[in-house]
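Below is one structure, written out as structure tokens; comments come after it.
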Amino acid sequence: MKKIFFPTSNGVVIHRDDKKVISATDCDGQKRVLSFRERNKIIFWLFPFARGVQFFFCGIFGFFQSLMLSFDICNSQKIKQKDINKYYTQKLIIAVIIMVLGVIFSAFVLGFLPGKIGYAIVDHTGSDILRNVVILCFKLLLFLLFIGALRVFPVVMECFRFNRAYEVLLENAWIDKQKRKNVEKQKNIKKSQKNRKKTQKNQFFAVFSQTNRDTEPNFLNYLVFVFLLDFVVVILWGVDFGFWLNLGVDIAVFVVCTSVGFEIVNFLSNSPFKIFRKLLGIMSFLVYAKPAITHLETVKVGLLELNMLCTQKEREFMNDESKKAFSMVYLQVRNKLQNVGITDKSDADWLIATVLGKNRAEIKLVPYVTEKQYQDIMKATERRAKGESIDNIFGFTEFYGLRFDVNKKVLTPRMETEILVEQVLKAEKNFKNATILDVGTGSGAIAVAIAKNCDANVSALDISKNALAVAENNAKKNGVNVEFLHSNLFDGLKRRRKFDIIVSNPPYIPTNDIEKLDKNVKDCDPHIALDGGEDGLDFYRKIIAQAPERLNVDGMLFFEVGKGQARAVKKLMLANGFEDIKIVKDYNKIERVVYGKRK
């Protein structure tokens with residue numbers, strides 16, 4: 001079964017299979033989420049036409065049940081219970097009044113009044129077809145006026161806003177999905193130019209089989225369409241069998257309209273052609289109102305919670321109102337970061353995972369967080385939104401499977417630097433009792449990662465005593481033995497001391513480019529670890545010029561380089577007596593590592 005969505009006056013209720021999720025906003029403006037197992041069995045979804053009848057009558061019940069459920073979960077902790085009861089009692093009274101008015105309206109205004117007006121305009125001697133058209137026009141006009149009049153009730157307008165919010169999210173999701181498909185199609189076309197005609201033919205026929213959403217038709221949209229369809233069929237048919245027989249026929253026609261209407265709306269809403277979906281939107285404008293951010297976010301939370309319930313078999317149902325649903329917290333963090341231009345969702349993952357003491361894969365299994373965890377997550381999110389890096393917020397980072405303490409006195413190790421470590425570890429196997437030197441060690445990440453994964457004798461040097469203190473602490477915490485030296489490049493080493501491998505990730509940002517860096521880099525990492533001089537190559541020149549005297553026979557020199565610098569560094573190495581120079585790309589296909597052998 002696909003998702004079934006019901007908007008309410010303060011949130012949404014979404015069903016799928018035996019799962020139900022309620023996402024609503026309470027009197028304090030706080031989002032509340034509950035999820036539980038639905039016992040009612042849906043039996044006709046696989047049977048065309050029969051499913052439409054069930055969708056209508058079960059939907060009416062489900063809609064009013066959803067209204068009550070969304071009221072129930074929104075108990076405020078700041079407002080007195082007496083005021084809460086008054087608030088929701090008013091909503092319930094208004095809902096009942098609207099329902100009663102709907103019944104009266106259907107019986108009198110839509111049933112009795114249009115017929116009288118029709119016969120007043122076109123009497124018994126006139127054309128039956130013309131009279132029926134007049135009755136239909138008046139009935140449609142009165143129906144539109146009635147739905148429009150309901151908009152004076154704030155409860156109804158909120159319901160319409162949540163209804164529209166759901167449609168907006170579905171349409172945006174469909175557009176994103178189509179963009180990804182188009183990118184894949186373009187890649188496939190470039191790869192298979194010889195079969196281009198065949199590919200285009202397959203794409204033409206494939207468009208008829210794809211669907212744009214994983215949901216049943218929007219219930220309110222469907223409800224409006226069924227009434228409109230029933231009006232058209234009954235009035236234009238215009239057969240008179242007498243009052244009681246007419247009543248029975250009208251009921252039978254209405255049931256048929258609930259069935260046929262479902263199939264029509266289902267086709268339009270799932271059509272791959274935008275014009276059909278727009279047509280449905282035009283017919284459903286009466287139950288739409290422009291949503292605010294709160295409406296969109298509330299619906300997003302409900303969809304996210306349902307998605308996690310359906311994809312994680314062991315996931316707990318969120319049925320404790322005193323705790324905050326993970327889906328709500330996750331979306332809140334994502335939105336706060338996106339509002340300041342941080343669009344990478346991994347930031348939200350790392351923030352939450354670190355506070356909860358879990359890895360990124362585990363956090364999606366968490367049904368809820370405690371109040372303290374929530375406060376800690378939001379404090380960390382505030383710092384990240386102000387530009388502070390995640391590593392500095394928590395004071396540590398992960399590198400090559402190890403944990404390293406970091407602060408503003410050392411450069412935070414980046415993921416691409418792991419490629420440099422991998423290349424050094426491969427080369428170390430070619431030496432017996434290898435000696436390795438890490439020049440400009442900073443946090444000690446490179447030296448510690450190498451020492452942890454091989455039996456070489458590892459040394460590391462840095463000009464900063466503060467950095468060396470951090471590096472020594474990281475080596476101790478990770479249980480490795482690294483010799484740390486205070487030195488400006490090779491100046492502090494004994495004259496005759498040599499190594500089999502020298503590795504370095506020196507500063508390589510051109511001086512004028514430092515101000516253009518992301519705020520979390522330029523404000524959180526020490527400039528001494530970033531500034532590589534006018535062209536970013538100052539330290540490469542110095543290290544390459546001195547390295548041959550510090551390398552054993554067949555010794556190797558390894559560098560991490562910035563984007564676009566690999567060829568220049570290779571040229572410097574060739575000019576200073578290195579051979580067999582190789583360039584290795586990183587995960588983004590950027591030339592990141594350069595290494596060669598001393599002649």
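Please determine, by comparing only the residues of segment 352-366 that are in contact (Cβ under 8 Å) with a residue 40 or more places away in the chain and out of contact with any Phe, Trp or Tyr (no Cβ under 6 Å at 6 or more places or on another chain), which one is surrounded by the fewest Cβ atoms within 10 Å (Cβ to Cβ).
Filtering segment 352-366 for residues in contact (Cβ under 8 Å) with a residue 40 or more places away in the chain gives 354, 364-366.
Now restrict to residues that are out of contact with any Phe, Trp or Tyr (no Cβ under 6 Å at 6 or more places or on another chain): 364-365.
Details: 364: 19, 365: 13.
Ranking the qualifying residues of segment 352-366, first place goes to 365.
With respect to the numbered conditions (1) farther than 30 Å from residue 368 by Cβ; (2) basic (Lys, Arg); (3) in a loop (DSSP other than H, G, I, E, B), which one is the sole condition not fulfilled by residue 313?
Only one criterion in (1) farther than 30 Å from residue 368 by Cβ; (2) basic (Lys, Arg); (3) in a loop (DSSP other than H, G, I, E, B) is unmet by residue 313, namely (1).
Has segment 235-252 got at least one residue that is at pLDDT 65 or above, of a type in the set (D, E, K, R), surrounded by 12 or more Cβ atoms within 10 Å (Cβ to Cβ) and part of a helix (DSSP H, G or I)?
First pass over segment 235-252, keeping only residues at pLDDT 65 or above: 235-237, 244-245, 247-252.
Retained after the next criterion (residues that are of a type in the set (D, E, K, R)): 250.
Restricting the remaining residues to those that are surrounded by 12 or more Cβ atoms within 10 Å (Cβ to Cβ) gives 250.
From what's left, part of a helix (DSSP H, G or I): 250.
Yes; the residues of segment 235-252 include at least one that is at pLDDT 65 or above, of a type in the set (D, E, K, R), surrounded by 12 or more Cβ atoms within 10 Å (Cβ to Cβ) and part of a helix (DSSP H, G or I).
Kindly establish whether residue 329 is outside any loop (DSSP other than H, G, I, E, B), free of Cβ contacts under 8 Å to residues at least 60 places away in the same chain and among the aliphatic types (A, V, I, L, M).
Working: outside any loop (DSSP other than H, G, I, E, B): yes; free of Cβ contacts under 8 Å to residues at least 60 places away in the same chain: yes; among the aliphatic types (A, V, I, L, M): yes.
Considered against the rule, which asks whether it is outside any loop (DSSP other than H, G, I, E, B), free of Cβ contacts under 8 Å to residues at least 60 places away in the same chain and among the aliphatic types (A, V, I, L, M), residue 329 comes out as yes.
For segment 555-581, how many residues are in a strand (DSSP E or B) and surrounded by 12 or more Cβ atoms within 10 Å (Cβ to Cβ)? Full working, then the answer.
So the first thing to find is which residues in segment 555-581 are in a strand (DSSP E or B), and the list is 555-560, 578-581.
Pick out the ones that are also surrounded by 12 or more Cβ atoms within 10 Å (Cβ to Cβ) and you get 555-560, 578, 581.
Of the residues in that region, 8 qualify.
Would you confirm whether or not segment 457-469 contains a residue that is among the small types (Gly, Ala, Ser), closer than 22 Å to residue 547 by Cβ and modelled with pLDDT of 95 or more? First the steps, then the outcome.
Going through segment 457-469, the residues among the small types (Gly, Ala, Ser) turn out to be 459-460, 464, 467, 469.
So of that shortlist, the ones also closer than 22 Å to residue 547 by Cβ come out as 459-460, 464, 467.
Among the residues that remain, those that are also modelled with pLDDT of 95 or more are: 459-460.
Yes.
Provide a single number: the residues in segment 367-387 that are in a loop (DSSP other than H, G, I, E, B) and either assigned by TED's automatic domain parsing to the domain that holds residue 474 or surrounded by fewer than 17 Cβ atoms within 10 Å (Cβ to Cβ) (or both).
Looking only at that region, the number is 3.
Looking at 346, 322, which is the one that is at pLDDT below 85, surrounded by fewer than 15 Cβ atoms within 10 Å (Cβ to Cβ) and either in contact with a Gly (Cβ under 7 Å, 6 or more places away or on another chain) or under 24 Å from residue 21 (Cα atoms) (or both)? Spell out how you get there, then give the answer.
Working: 346 fails: either in contact with a Gly (Cβ under 7 Å, 6 or more places away or on another chain) or under 24 Å from residue 21 (Cα atoms) (or both).
Only one candidate passes the filter, namely 322.
Could you grab me the full set of residues in segment 426-446 that are within 42 Å of the chain's Cα centre (by Cα) and polar (S, T, N, Q)?
441, 443
Can you tell me which residue within segment 275-306, out of those that are under 24 Å from the mean Cα position of the chain (by Cα) and surrounded by fewer than 17 Cβ atoms within 10 Å (Cβ to Cβ), is nearest to residue 339 (Cα to Cα)?
For segment 275-306, the residue satisfying everything is 293.
Please note which helices (runs of 4 or more DSSP H) are completely contained in segment 388-474 and include at least 3 residues that are in contact with a strand residue (DSSP E or B) (Cβ under 6 Å, 6 or more places away or on another chain), surrounded by fewer than 24 Cβ atoms within 10 Å (Cβ to Cβ) and touching a residue at least 24 places away in the same chain (Cβ under 8 Å).
Details: elements: 390-394, 417-428, 445-453.
Hits in segment 388-474: 417-428.
What pairs can you find where one residue is in segment 146-157 and surrounded by 16 or more Cβ atoms within 10 Å (Cβ to Cβ), the other is among the aromatic types (Phe, Trp, Tyr), and their Cβ atoms are less than 9 Å apart, with a gap of 6+ or different chains?
Note: pairs meeting the criteria are 146/105; 150/160.
The values are calculated or read from the model by the stated rules, or taken from the named source; none is laboratory data. Note that this is a predicted model, so its numbers are computed, not measured. Note that we place each Cβ from the backbone using ideal geometry, even for glycine, and neighbour counts take in every protein chain shown.
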